[in-house]
Amino acid sequence: MADRDCRVAVCPGTFDPITSGHLDIIGRACRFFDRFYVAVAENPYKSPMFTLEERQDLLRKSVDGLPNVEVITFDCLLVELADKLGANAIVKGLRAISDFEYEFQMAQINSRMDSSLETFFVMASTEYSFLSSSAVRELGIYGGDIRGLVPPQIEEDLNELFRRKFGRTGKGA
Ligand code: ADP
């Protein structure tokens with residue numbers, strides 16, 4: 001297949017940390033593309049709780065088993081990243097109405113900068129529509145139970161990170 005015929009997507013986010021909702025979107029969307037890049041934004045101005053390396057590591061473990069998915073990091077405009085990767089699609093998850101306004105604005109700005117780039121929105125599954133990284137962070141800080149809210153393969157790693165950072169296990173202890 002010629003490279004220009006290859007369906008390449010980039011799925012950006014802060015992933016601070018990845019949740020079951022993110023993984024649900026990645027798993028459902030990656031089937032429609034040949035190559036699917038999950039791009040972790042450095043986002044220092046958002047002061048993420050987890051380092052870029054920690055966020056990338058948790059994502060890598062979570063997508064293990066999805067053969068066309070690659071986890072990368074970036075610290076530039078999304079359109080620049082897409083151009084560098086040869087991606088013609090941006091994939092975003094959409095939860096409640098509250099996500100819509102911001103995502104609609106971003107999609108329009110990106111399309112203005114590169115009209116060949118299309119943004120695709122994947123609706124959140126009902127069970128994850130109220131799940132956010134910030135909810136997981138809040139639970140983790142206070143030792144709440146994060147089971148089911150994050151991919152099972154990273155639950156222990158994440159509990160360990162919470163324990164190291166806040167002295168709690170994230171298991172309701
Ligand atoms: P958050 O908004 O939780 O901090 P990110 O900045 O990492 O997450 O968002 C990356 C993308 O994932 C955004 O498009 C966001 O709408 C989407 N997303 C986040 N949580 C969920 C979820 N539970 N279900 C579906 N999509 C989600």
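Laboratory data are not the source of any read-out in this text; all were calculated from the coordinates shown. Remember, it's a predicted structure, so these values are computed and weren't measured experimentally. Neighbour counts run over all protein chains shown; Cβ positions are idealised from the backbone, glycine included.
Key figures for this structure:
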read-out: R35-F166 FRET efficiency (beta carbon distance; Förster radius 45 Å; 0.05 resolution); value: 0.75
read-out: Only Lys, Arg (+1) and Asp, Glu (-1) charged, at Cβ; the range 6-67 dipole about Cα centre in debye; value: 280
read-out: 29 Å Cα cut-off, lysine pairs counted over the chain (separation 8 or more, or different chains); value: 10
read-out: FRET efficiency estimate (nearest 0.05) - Cβ-Cβ, R28 to R60, R0 25 angstrom; value: 0.85
read-out: Isotropically averaged projected area of the chain, using the convex hull of Cα atoms (one quarter of hull area), nm²; value: 9.8
read-out: Angle in degrees between helix 97-113 and the longest Cα principal axis of the chain, rounded to the nearest 10; value: 40
read-out: Full-extension gain in nm, F120 to E156, via 0.36 nm per residue minus C-alpha separation; value: 9.7 nm
read-out: Where labels lie 7 Å past Cα in the beta-carbon direction, separation of R147 and S98 in nm; value: 2.7
read-out: E138-I72 FRET efficiency (beta carbon distance; Förster radius 25 Å; 0.05 resolution); value: 0.35
read-out: Stokes-Einstein translational diffusion, the range 34-99 - Kirkwood Rh over all Cα pairs, 1.002 mPa s, 20 °C, in µm²/s; value: 161
read-out: Of G65, L158, N88, farthest towards positive along the dipole that unit charges on Lys, Arg, Asp, Glu beta carbons give the chain; value: L158
read-out: Lys, Arg +1 and Asp, Glu -1 on Cβ, resulting dipole of the chain about Cα centre, debye, nearest 20; value: 320
read-out: Cubic angstrom per residue, convex hull over Cα atoms of the range 8-64; value: 72
read-out: Crossing angle, helix 155-166 versus the chain [Cα axis fit, 0-90 degrees, rounded to tens]; value: 70
